[in-house]
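Just below is one structure, and these are the notes that go with it.
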Amino acid sequence: MAGSIALTPEQMPGPAAVSERSRARREMLRLLVRRKAFIIGSLVILFWVICAILGERITPYDPFNAFFLPGHQPPSPAHLFGTDRIGRDVLSRVMVGARDVLIVAPLAAILGVVSGTLLGLVMGYYRGIVDDILSRLVEAFLALPVILVALLTLVVLGSSSIVVICVVGILFAPIVARTVRSAVLSERQLDYVTAAKLRGESGLFILSQEIFPNVLGPTVVELTVRFGYAIFTVATLSFLGVGLQPPSPDWGLTVSQEYTNMISGKWWPTTFPALAIASTVIAVNLIADSLQSVLSE
Amino acid sequence: MTGIAEPPPQPLATPPPASAAALRVEDLSLSYVVRGIPRPVLRGVSFEVRPGESYGLVGESGCGKSTTAYAAVRYLPRNAVITGGRILVAGDDVTKMTDEQVRRFRMHHASMVYQDPGAALNPTTKIGPQVAEAFTVLGQNRREAHASALRAMERVQIADPERVFQRYPHQLSGGMQQRIVIAMALASDPKLLVLDEPTTGLDATVEASVLDLVRKLQAETNAAVLLIAHNLGVIRSICDRVGVMYAGKIVEEGDAAAVFEQPKHPYTLGLLRSLPRRGIRKSQKALATIPGSLPQIGADLPACVFVDRCPLATEICRTVEPPPFDVGPGRTSRCHHIDRLGEIVEPAAVVGQDTVQGDLALTLANVSKTFHQSGHDVPALVKVDLTLFDGETLGLVGESGSGKSTLARTILGIESPDVGGEMELDEHRLDARSMQRPTEDKRSIQMVFQNPESALNRGWTARHILARSVSKLTGLKGKAVNARVDKLAADLRLTQRHLDLKPRQLSGGLKQRVAIARAFAGDPRIVVADEPTSALDVSVQAAILNLLSELQTENKTSYLLISHDLGVVRYLADRIAVMYLGRIMEVGESENVFHGPNHPYTEALLSAIPTVDGEPAARIRLEGEIPSPANPPSGCVFHTRCHRFIQGLCEVTEPPLIEVEPGHLMKCHIPVDELRRLQAKARQEDVVLTTPPEALEAAAAIAADDPG
């Protein structure tokens, strides 16, 4: 019976399997593209990414050099967003300001999601004493206010981009770990895990090869959500003066330097960077929501 | 949409006037709109149910039977569109009602009972107020509603309703919950009662009593009953008439007994022949299967919907839609070739062999398993002794909670037994934990799970799943692995194309084949199959059972088969073990256990199964619930429900498991000859035996003791 349909070894790794995978990916992309929220979110992010990459090459003025003008020129055809307190063009600074946050925030989110996922996988799969100890630790971490801990750490260690990335990443890890843990818990009850144990697979294999691919969906969603929060957190830290340092045109930093001038009616150097932060966070969340609903379909 | 040939070429029995029917469905067509495209699921369904009559709809999953039932009470999903026809309940057209009219219609004229009674009851409300609410919506005040609710409880034979009223749904058993749902459905004294798989989640003994209840209530209320069930035995035991559905059409209709005795449509015939009936065994004949599979929902179908799977199909079947030909009093069949039905031959090939006891494969001695739950000891297995011989199938039966699955999991090494038990495989000690067993032992004992959905990793292709098991269990590498995978696939009739697909792209039957192939990856000595076909349709089940017995004959594998379907067990099993509360009550050769004399519990289990043949059996109705394993009854654990309870003996001492005839062991105080006499007498006199009051008193005393 076997002989009649046996194939030559060259035919064995089915090309069908590969095309199946790319077909599934295409199908998902097609569903995503049909969502307005996803398109809008992506366009906004794309805009800021272009600003960050091209930076000074596309800004109307040099974002760092002050004009020898009196500061705080209101928006005008020459300076669409006006100028700041020392006469720098706000539009140019907002455009270049995307750069720092778009490097620091994604790295922090990736660090948080990768370490959180590892933690969550271990907690969900091994249960028992491992889970008990790690869960209590995670809960203790979750009880700490993120900004306060980050503030203290940065004051002690001194602020640099690397430290900001590490601190925000580590603070996000427990939140991710909880999400991944619950996904693993429902996954490990399925019979395919029992079947793997019955053929003697190691825990590492079951976790990495059997369970992990099936919890990838929630992990990807978690990554986008965390990215949104990271932008916010990094901006907040800069605002508080422990994140990025002057003369960086970072949005949070700019807001912190200029917000006192709001009272005297000079709203533009504060409002435009603030809107930039808001647009990025909202855009990321629009993408996260679309991903989540497409994955759950 | 295919048209319906309205004036039939042959005279039909004149239908009674519309007013006589409680439910009359006329040429109903319905589509589900998916992504803007209407996909037809009902293609001109017509039938009627008269008051006091019960009508069953049968067919494989996806044939449209549930959609028809839900349409009758207009519980349809938002994307359902009725594209033609009428549904008349007591003369009113349900399809044309406004929302308010539908509400009033459901309040007064129609009720529905769902498959899962646990989900149909509100978990946060006590039973009393919940049942009373069914009456307050009808305009009764609180006191009247409470009195009505009490009467409703008595009607569905719930003893001590005041006590039950104080409970929450989760504190009641499934059978009790379903009785309450039925009581609520009958509150408005409906003209139409729709039952959708009402007993599917219940144990056989409970199912039997719920079915008895439905029968009794129907006689009392004169309601028209529309019953949906995939179990043909349930339909046969309740329904007067039956409609067989296929791809959104009723292909055959008629008196239930007549349709099941003498089917007149190739599909009905195929369905019935795929069932293991009348005690046939694997060594007698293979089960018939229906080639192909149900067309996709919304597929474009030729004139006769069954043509692609029909062995009799000719050109006319593709061009002319078969009208409902009259094939007897009140019977119709939509087939052009009714006269040629005899040409469909049953498979002659014998697929399996009865196995005479050979060498010992597996021995269990004194194996117990106690779970510890919040301070309580819950014994799930109590001193189990069991043997499994080379190449035989041992069937394991018993109600849920009897310890069947725990026993299987213990043998597999997923649960470790309590200290003191011994397991031996081929006369060497088997380690308690699967992880600690050498690869050779892991290879030797493998499992087929109940639900292939959960048993296969949805991220892997079938080929990857099989190849991993082969290389892990056999140690083969490279090309040898591929060759072995191909051999397994060929044995299970899986094609190369199937192997490259992921589980969700495979049908249920194909998924189960992949799961079976995986169990056979390392050429096992023993395969534990836990309800291997209960998630599948009957025609698919037949194919899987045939394959299982074929594989056994070829490889001399021993099976431990767990199933609640005694037809399946009888077909495959050489020996049977009956479990109750973690204990083996009886074990013996399959035919001896089925024919008797058998243990009173076995006797009750057998009599509870509704058969499609309507065979007369001694009717035994077990009262009460399965006791909690944490607080087992004294003496013989079955004495609280036993219809042959002997006061002063059974509740005092536990009978030993003794050999009553060669190879037939039983745990009962009544001597085997006495059992033989009693059981023969019960069969002759055709009486209904129930648990005697003394036994129930003993049960109540135990329940009162229970701290939980």
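The values are calculated or read from the model by the stated rules, or taken from the named source; none is laboratory data. All figures in this text were calculated on a predicted structure; none of them were measured in a lab. Don't worry about glycine lacking a Cβ; one is built from the backbone with ideal geometry, like all the others, and counts go over all protein chains shown.
Can you name the residue in region B:265-295 that is touching a Pro at 6+ places or on another chain (Cβ under 7 Å) and not in a loop (DSSP other than H, G, I, E, B) and is also nearest to residue B:41 (Cα to Cα) among such residues? Quick ask: steps written out before the conclusion?
Here is the first cut: in region B:265-295, the residues touching a Pro at 6+ places or on another chain (Cβ under 7 Å) are B:266, B:269, B:272, B:285-288.
From what is left, the residues that are not in a loop (DSSP other than H, G, I, E, B) are B:266, B:269, B:272.
Numbers: B:266: 21, B:269: 23, B:272: 24 Å.
Among those that are touching a Pro at 6+ places or on another chain (Cβ under 7 Å) and not in a loop (DSSP other than H, G, I, E, B), it is B:266.
Note on region A:183-235: among residues that are away from chain B (no Cβ under 13 Å) and of a type in the set (Ser, Thr, Tyr), the one that is farthest from residue A:253 (Cα to Cα) is A:219. Of the strands (runs of 3 or more DSSP E) lying entirely inside region B:305-409, those containing at least 1 residues that are charged (D, E, K, R), under 30 Å from residue B:204 (Cβ atoms) and out of contact with any Phe, Trp or Tyr (no Cβ under 6 Å at 6 or more places or on another chain) span B:360-373, B:376-389.
Considering only residues in region B:438-462 that are in contact with a Leu (Cβ under 7 Å, 6 or more places away or on another chain) and of a type in the set (D, E, K, R), the one that is nearest to the other protein chains (Cβ to nearest Cβ) turns out to be B:442.
Within region B:410-432, how many residues turn out to be farther than 17 Å from residue B:388 by Cβ and more than 10 Å from every other protein chain (Cβ to nearest Cβ)? I'd like the intermediate steps shown before the answer.
Of region B:410-432, the ones farther than 17 Å from residue B:388 by Cβ are B:414-416, B:418-420, B:431-432.
Imposing the further condition that a residue be more than 10 Å from every other protein chain (Cβ to nearest Cβ) reduces the set to B:415-416, B:418-420, B:431-432.
Final tally of qualifying residues: 7.
Residue-wise test of (1) assigned by TED's automatic domain parsing to the domain that holds residue B:667; (2) in contact with a Lys or Arg (Cβ under 6 Å, 6 or more places away or on another chain); (3) surrounded by fewer than 20 Cβ atoms within 10 Å (Cβ to Cβ); (4) within 25 Å of residue A:191 (Cα to Cα).
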| position | (1), (2), (3), (4) |
| --- | --- |
| B:365 | no, no, yes, no |
| B:369 | no, no, no, yes |
| B:377 | no, no, yes, no |
| B:427 | no, no, yes, no |
| B:440 | no, no, yes, yes |
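Among all residues of region B:418-431, there is none that is farther than 24 Å from residue B:546 by Cβ and within 31 Å of the chain's Cα centre (by Cα). I'd like the residue in region B:499-518 that is facing chain A (nearest Cβ under 9 Å) and not in a helix (DSSP H, G or I) and, out of all such residues, is nearest to the chain's Cα centre (by Cα). The residue in question is B:502. Taken together, the criteria exclude residue A:136 from residues that are more than 23 Å from residue A:232 (Cα to Cα) and crowded, with 19+ Cβ neighbours inside 10 Å.
Could you check, for region B:568-581, whether at least one of its residues is within 14 Å of chain A (Cβ to nearest Cβ), surrounded by fewer than 23 Cβ atoms within 10 Å (Cβ to Cβ), aliphatic (A, V, I, L, M) and touching a helix residue (DSSP H, G or I) at 6+ places or on another chain (Cβ under 9 Å)? First the steps, then the outcome.
In the first step, residues of region B:568-581 are kept if they are within 14 Å of chain A (Cβ to nearest Cβ); the result is none.
Among the residues of region B:568-581, not one is within 14 Å of chain A (Cβ to nearest Cβ), surrounded by fewer than 23 Cβ atoms within 10 Å (Cβ to Cβ), aliphatic (A, V, I, L, M) and touching a helix residue (DSSP H, G or I) at 6+ places or on another chain (Cβ under 9 Å), which makes the answer no.
Contact annotation: residue pairs with Cβ atoms under 7 Å, 6 or more positions apart or on different chains, pairing a residue in region B:463-491 that is more than 8 Å from chain A (Cβ to nearest Cβ) with a partner that is β-branched (Val, Ile, Thr) and surrounded by fewer than 24 Cβ atoms within 10 Å (Cβ to Cβ), are B:467/B:481; B:470/B:481; B:471/B:481; B:484/B:474. Mind checking whether some residue in region B:518-525 is crowded, with 24+ Cβ neighbours inside 10 Å and touching a Gly at 6+ places or on another chain (Cβ under 8 Å)? So far as region B:518-525 goes, no, none of its residues is crowded, with 24+ Cβ neighbours inside 10 Å and touching a Gly at 6+ places or on another chain (Cβ under 8 Å).
Considering (1) in contact with a helix residue (DSSP H, G or I) (Cβ under 7 Å, 6 or more places away or on another chain); (2) in a helix (DSSP H, G or I); (3) among the hydroxyl-bearing types (Ser, Thr, Tyr); (4) over 20 Å from residue A:112 (Cβ atoms), the lone condition that residue A:194 does not fulfil carries the number (1). When A:169, A:243, A:252 are screened for being buried (at least 18 other Cβ atoms within 10 Å of the Cβ), under 21 Å from the mean Cα position of the chain (by Cα), more than 30 Å from residue B:433 (Cβ to Cβ) and modelled with pLDDT of 90 or more, only A:169 passes.
So if I check each of B:584, B:626, which one is surrounded by fewer than 22 Cβ atoms within 10 Å (Cβ to Cβ) and either in contact (Cβ under 8 Å) with a residue 12 or more places away in the chain or farther than 17 Å from residue B:642 by Cβ (or both)? That would be B:626, the only listed residue that is surrounded by fewer than 22 Cβ atoms within 10 Å (Cβ to Cβ) and either in contact (Cβ under 8 Å) with a residue 12 or more places away in the chain or farther than 17 Å from residue B:642 by Cβ (or both).
Let's see how each residue does on (1) touching a residue at least 24 places away in the same chain (Cβ under 8 Å); (2) of a type in the set (D, E, K, R); (3) surrounded by fewer than 16 Cβ atoms within 10 Å (Cβ to Cβ):
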{"position": "B:293", "(1), (2), (3)": "yes, no, no"}
{"position": "B:300", "(1), (2), (3)": "no, yes, yes"}
{"position": "B:304", "(1), (2), (3)": "yes, no, no"}
{"position": "B:308", "(1), (2), (3)": "no, yes, no"}
{"position": "B:323", "(1), (2), (3)": "yes, no, no"}
{"position": "B:328", "(1), (2), (3)": "yes, no, yes"}
{"position": "B:333", "(1), (2), (3)": "yes, no, no"}
{"position": "B:336", "(1), (2), (3)": "yes, no, no"}
{"position": "B:342", "(1), (2), (3)": "no, no, yes"}
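If you check residue B:582 against the conditions, is it of a type in the set (Gly, Ala, Ser), out of contact with any Asp or Glu (no Cβ under 7 Å at 6 or more places or on another chain) and at positive phi? Yes; evaluated as a whole, the condition is true for this residue.
Among B:551, B:545, which is at pLDDT 85 or above, under 16 Å from the mean Cα position of the chain (by Cα) and more than 30 Å from residue B:240 (Cα to Cα)?
Details: B:551 fails: under 16 Å from the mean Cα position of the chain (by Cα).
Every option except B:545 fails the conditions.
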